[in-house]
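What follows is a short report on a single structure.
The values are calculated or read from the model by the stated rules, or taken from the named source; none is laboratory data. Small disclaimer: the values here were computed from a predicted structure and weren't measured. Cβ atoms come from the backbone with ideal geometry, glycine included; neighbour counts cover every protein chain shown. Heads up: the accessible areas ignore ligands, DNA and RNA and are worked out on the full protein's heavy atoms, side chains in. Shrake-Rupley method; radii C 1.70, N 1.55, O 1.52, S 1.80 Å.
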Amino acid sequence: MKASIEWLSEYADINVEPKQLGDILTMTGSKVETIDEQGKDIQNVVVGKILEIKPHEDSDHLVVTQINIGTEKLQIVTGANNIHEGDIVPVAKDGAKLPGGKEIKKGKLRGVDSCGMMCSVGELGLTVEEYPGQIENGIMILDASYEKDIGKDITEVLGLKGSVIDFEITPNRPDCLSIEGLGRETAVSLDVPFKNPRKNLAEMPVENKENIEGLSVEITAPDLCYRYVARVVKNVKVGPSPEWMVKRLKACGMRSINNIVDITNYVMLELGQPMHAFDINSIEGKHITVRRAGKDEKIITLDNQERQLDDTMLVIADSNKPVAIAGVMGGQNSEIESDTTTVVFESAVFYGGSIRKTAKKVGLRTEASARYEKGLSPENAMRAANRAVELVELLGAGEAVEGKIDVYPTKQKQVKIPLEVDRINALIGTNLSKQEMITTLEKLEIRVENDEVIPPYFREDVEQLADVAEEVLRFYGYDKLASSLVNAETTLGGKNKEQKIADKVSELLVNLGLSEICTYGFISEKDLEKCNLNKEDALYSQAVRIQNPLSEDYTIMKTISVPTMMQMLANNSNYKNEEVRLFDISRTYQNNKNQVENGELPLEQNILTIGMYSQKGDFYTLKGLVEDVINSAGVARYEIQKEQTNRMYHPGRCAILKVGNDVFATLGEVHPQLAKNYDMTQRIYLAEINLDKISKYARTTKKYTPIIKFPAVERDIAMVVDEAVEVGEIEKIIQKRAKKLLEEAKLFDVYRNEKLGGNKKSVAYSLKFRVPDRTLTDDEINSTMKDILAELEKALGAELRK
């Protein structure tokens, strides 16, 4: 937000230099970005009068002029053809400096001395919009009334000198996106009275009417439009704005268009309330409806661009069409033209979140939308409409029509906050009295009644005691706070169980030679399709879709971690890396119980993904890595089981790990079709391990087990079983029947031969028996082996190999 010190001076007596003012305002919370000293780039340029014009003897297009600049007469040669004797013009003397670093020196043109230069509008850094009647390619001709200023500095005569401060306004202070708000901050910061020349705008006696000049207003979306005020001006004379208004607009970074449009911009800058002006004859049916846009509705905005609308956007519409995108920009079909005679001034307040989304969707961010999206007070709308009409009459640009239309369905709520002096002092580290606090607050127009703080309508950011404390501290002075130790109980930070396990696993895998990668939390539906998933799969339908994705490659939150790992492996394959072993710890997001639709967060799970391809590695290499991870985490008992239904993995080379029926890991070789989808020909091995579930089953406390002093008894057992029998099933039976006597069961051989029979295999285990309190007897071991063999024969049809 830019503001000239000249304009701010209407609201506060500024008795310090611009730089010092900037420092003071920054310390009180209105951060100053830059201070532009205007007019400093124009030096040694004065007002002069052309006394004589003669043709150049050696040129058919140059003339020689004699110019009075008060202290002397100068001879200047020029090619300008719009000058006449007696004209008052700006004259750059020898050594003068102009905007852009241009310097003027004495010289000769076709052998005739030229002791300076007469300046055009552009050479002084000005525009023809600021000075109507001037021309682009010609000398600037001043009004005859400036003859009294001959010899004076042009920057003083034209008021080109001045300081413009550029503020960085925080999003919670939309009231400071106005000269009035900044003027209030300036007055309180300098401890001078706040001279608000606009304080009585809301009290102007204007009758409320249902319609004016046949115009009526209706709001059908009160959740998006809090208030809509309309006032009408007739007998409008569209023309240029006065010089003082043009200068103020320019200082704030806005160009002059015409007096009616300039008034709306001027009021927005002055009071912080965006406005719009319609030609009443462009409103079909003379009925304004504030409504949601229709699906696929379109509008051509003032910048001559066609905008596609949807039903999430708010528009100002007449009986047949939208005439403005609410809070963003007006439509070309309602633009103020030179022949406009009756104007409707709109002063409305819209829901900031809707305006922000609309501006982003249509790709159009304006001064108005920037203010609306921060949240404006509906109470300011009437003041702005009254000020616009006041300016129209002040400029003689039209006549106000009696009455106003004020549709106000959503009233602003008043906030009351208990004034707790002791708590405020404790919070900000001061020892201020109650009266000192009240004095500061009242300067900011924050009332205190019955020990309750009542913020004014324009301070919607003051909601709780901490906000009140901030207001007190801002003007007490941050620099006055004494240094002190923290007066609070300190706590020792630490990591929780899940974080510690994740760190431990990460360290383990790095030590085992894997490289950690970091991936985005976004993927696309195409990534799911490349992983052999379709719309019928739960993981596909549970995806959390992003309303405003960065690109079509990031349209959904990561439901599974396989796509990002496969992409990293594919990238390494393209880089001709032959041995690749990666791991990633990241979150997945699943809308498995319609949490998002119910306003809740989706299911988030912390997943460890291991991906590898190598000439030396295979399924068992991956299985060993997974077992190392599980053992390091402290998960003692789990089962491994063959998995054939997961379409991301090879049906014969995939397994799941589970505790009871709770699956916490999947590992195996990637399905050949999935690998082909990523243009990879190698055998790819992946593992997905749910670290949240690992943490659930992990034993974090270590239990000391003394070394058993009694000897172990070892027995080998070899059995013939069907090819379909899994060794995991065999181990479960062995552990079940051996009970607490079994210390270890180790598979040491799997043998296949035609002599065993068709579709048969031999599986051999080495069993170690031992208990801590005695030496086991042969009878105990023989009985246990007999029970094991009997159960294997009964459950799996196993036969003891002889």
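For this structure, a couple of remarks:
- Solvent exposure of segment 713-800 as accessible area per residue, Å², 1.4 Å probe: 60 Å²
- Evaluating 6.51 cos²θ - 1.76 cosθ + 1.60 at θ = phi - 60° for every residue in segment 480-493, the Karplus couplings come out as 8, 5, 7, 6, 8, 6, 5, 9, 7, 6, 9, 10, 8, x Hz, glycine and proline recorded as x.
- Relative to the 2.2 N^0.38 Å rule of thumb, segment 497-697 has a C-alpha radius of gyration ratio of 0.99.
- Per-peptide average of other Cβ atoms within 10 Å, ordering 595-601, 299-305, 116-122 highest first: 116-122, 299-305, 595-601
- Å² per residue, accessible surface of segment 497-697 at 1.4 Å: 52 Å²
- Residue-averaged 222 nm ellipticity for the chain, from DSSP H runs of 4+ at -39500 (n - 2.57), nearest 500: -7500 deg cm²/dmol
- Cβ-placed point charges (K, R +1; D, E -1), dipole of segment 417-480 about Cα centre in debye, nearest 20: 240 debye
- Across the options Leu667, Ala388, Asn534, the greatest Cα extent toward the positive end of the charge dipole of the chain (unit charges at beta carbon of Lys, Arg, Asp, Glu) belongs to Leu667.
- Stokes-Einstein D for segment 403-476, Kirkwood Rh over Cα pairs, 37 °C, 0.692 mPa s (µm²/s): 248 µm²/s
- Bins of 10 Å, starting at 0 and running to the largest distance - Cα pair percent for segment 43-157: 15, 49, 33, 3
- Accessible area of segment 43-157 belonging to carbon and sulfur atoms, whole % at 1.4 Å probe: 44 percent
- log₁₀ of I(q)/I(0) at q = 0.04, 0.07 Å⁻¹ - the chain, Debye sum with one point per alpha carbon: -0.36, -0.81
- Paramagnetic label zone (point 7 Å from Cα along Cα-to-C-beta, Glu390; backbone N under 17 Å) in segment 196-211: 196-207
- Across the options Asn677, Ser695, Thr645, the greatest Cα extent toward the positive end of the charge dipole of segment 643-704 (unit charges at beta carbon of Lys, Arg, Asp, Glu) belongs to Ser695.
- FRET efficiency, Thr681 to Arg647 (Cβ-Cβ, R0 30 Å, nearest 0.05): 0.95
- When the chymotrypsin sites (Phe, Trp or Tyr not before Pro) in segment 473-541 are filtered for DSSP coil states and for at most 13 other beta-carbon atoms within 10 Å of their beta-carbon, the remaining sites are Tyr520.
- The order of Glu123, Glu489, Glu552 by accessible area, most exposed first and with a 1.4 Å probe, is Glu489, Glu552, Glu123.
- Checking the Cα-Cα distances for Lys195/Lys250; Lys504/Lys736; Lys247/Lys480; Lys703/Lys732; Lys593/Lys658 against a 29 Å cut-off, the pairs over it are Lys504/Lys736; Lys247/Lys480.
- Under 15 Å of direct C-alpha separation, and excluding same-chain neighbours fewer than eight residues apart, Lys298 reaches these aspartates and glutamates: Glu306, Asp310, Asp311, Asp318.
- Estimated translational diffusion coefficient (Stokes-Einstein, Kirkwood radius over Cα pairs, 10 °C, 1.306 mPa s) of segment 415-455: 154 µm² per second.
- About the centre of its Cα atoms, segment 497-697 shows a dipole size close to 360 debye [charges on the beta carbon of Lys, Arg (+1) and Asp, Glu (-1) only; nearest 20 debye].
- Once the chain from Asp36 to Asp692 is taken as fully extended at 0.36 nm per residue, the excess over their C-alpha distance is 230.5 nm.
- Heavy-atom accessible surface of segment 417-480: percent carbon and sulfur, 1.4 Å: 43 percent
- Shape category assigned to segment 203-407 from the gyration tensor of Cα positions, a/c cut at 1.5: rounded
- Per residue, segment 203-407 exposes an accessible area of 39 Å² to a 1.4 Å probe, with every protein chain left in place.
- Rolling a 1.4 Å probe over the protein heavy atoms of segment 497-697, with every protein chain left in place, gives an accessible area that is 45 percent carbon and sulfur.
- Applying 1/(1 + (r/R0)^6) with R0 = 56 Å to the Cβ-Cβ distance of Val659 and Tyr457 gives a FRET efficiency near 0.40.
- Packing-based ranking of 353-359, 273-279 yields 273-279, 353-359, ordered from highest to lowest mean Cβ neighbour count within 10 Å.
- About the Cα centre, charge dipole magnitude for the chain (Lys/Arg +1, Asp/Glu -1 at Cβ), debye: 3700 debye
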